[in-house]
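The structure appears below as structure tokens.
The values are calculated or read from the model by the stated rules, or taken from the named source; none is laboratory data. It should be emphasised that the depicted structure is a prediction, and the values quoted were computed from it without experimental measurement. Cβ placement follows ideal geometry from the backbone for every residue including glycine, while neighbour counts extend to all protein chains displayed.
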């Protein structure tokens, strides 16, 4: 049996991060179905936080936010393309309804979900956050929204309330330190996790790095080589939400 580790640096308001998340889950599913004895192998997907926006700033209307940074014509060109790619992955992106804001609270919930040994709960919470923001126009900076996602996916209501108490800010300091380490390249140097251009960043088995959303075929090739004990070389660059840009 082989254990394959996957590290994903992402921010839930990043559309390419949602695509990367879906791609990773699909690649794992296909691997287990198609690779001989693949169902016996295990995958450990760990989510690492990144803030594309200042977490201290309040939420604002998405459309008004976009209007401040680019023309309506440019918005149409930019997001129509991402919508097409999203539909391929079963995602119905909604770029202009709802609110956009900092994601520190969102990452705190993911931190709580990752304390679970049950990987299905962990992945379901992350999936729920992505869907809430990108498809259902919900404000994932709002703890009440996050609480609903957590409870719906198997985390107890009392625990969510305790974790959501801003006075205690459980996991907050640890989260901020991790984001800073990722930004400054101090974090886990053996994995090479440093966000240089933007997110997502995917690292498989602590050796193979992909900057941007990966392809399913690319991931399957990496998984095969790891199972066979082969050498995985190089790294690829895909689509991402770049630092300092909100066009994602």
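Only one of the listed residues (100, 155, 149) is touching a residue at least 40 places away in the same chain (Cβ under 8 Å), farther than 18 Å from residue 20 by Cα, in contact with a strand residue (DSSP E or B) (Cβ under 7 Å, 6 or more places away or on another chain) and surrounded by 14 or more Cβ atoms within 10 Å (Cβ to Cβ). That residue is 100.
Is it true that some residue in the range 237-246 is at pLDDT below 95 and either closer than 19 Å to residue 111 by Cα or in a helix (DSSP H, G or I) (or both)? Checking the range 237-246: not a single residue is at pLDDT below 95 and either closer than 19 Å to residue 111 by Cα or in a helix (DSSP H, G or I) (or both). When the criteria are applied in full, residue 137 meets the requirement of being on the phi > 0 side of the Ramachandran plot and modelled with pLDDT of 95 or more.
Based on what the data block shows, is residue 232 within 30 Å of residue 40 (Cβ to Cβ), touching a helix residue (DSSP H, G or I) at 6+ places or on another chain (Cβ under 6 Å), surrounded by 15 or more Cβ atoms within 10 Å (Cβ to Cβ) and at pLDDT below 85? Yes.
Only a single criterion out of (1) surrounded by fewer than 18 Cβ atoms within 10 Å (Cβ to Cβ); (2) modelled with pLDDT of 95 or more is not satisfied by residue 70, namely (2). Please determine, by comparing only the residues of the range 22-59 that are touching a strand residue (DSSP E or B) at 6+ places or on another chain (Cβ under 7 Å) and buried (at least 18 other Cβ atoms within 10 Å of the Cβ), which one is farthest from residue 130 (Cα to Cα). So the residue we want is 43. When 222, 203, 210 are checked against the criterion of being under 15 Å from the mean Cα position of the chain (by Cα), modelled with pLDDT of 80 or more and over 30 Å from residue 143 (Cα atoms), a single residue qualifies: 210. Of the residues that make up the range 51-66, is at least one touching a helix residue (DSSP H, G or I) at 6+ places or on another chain (Cβ under 6 Å), closer than 25 Å to residue 227 by Cβ and not in a helix (DSSP H, G or I)? No: the range 51-66 contains no residue that is touching a helix residue (DSSP H, G or I) at 6+ places or on another chain (Cβ under 6 Å), closer than 25 Å to residue 227 by Cβ and not in a helix (DSSP H, G or I).
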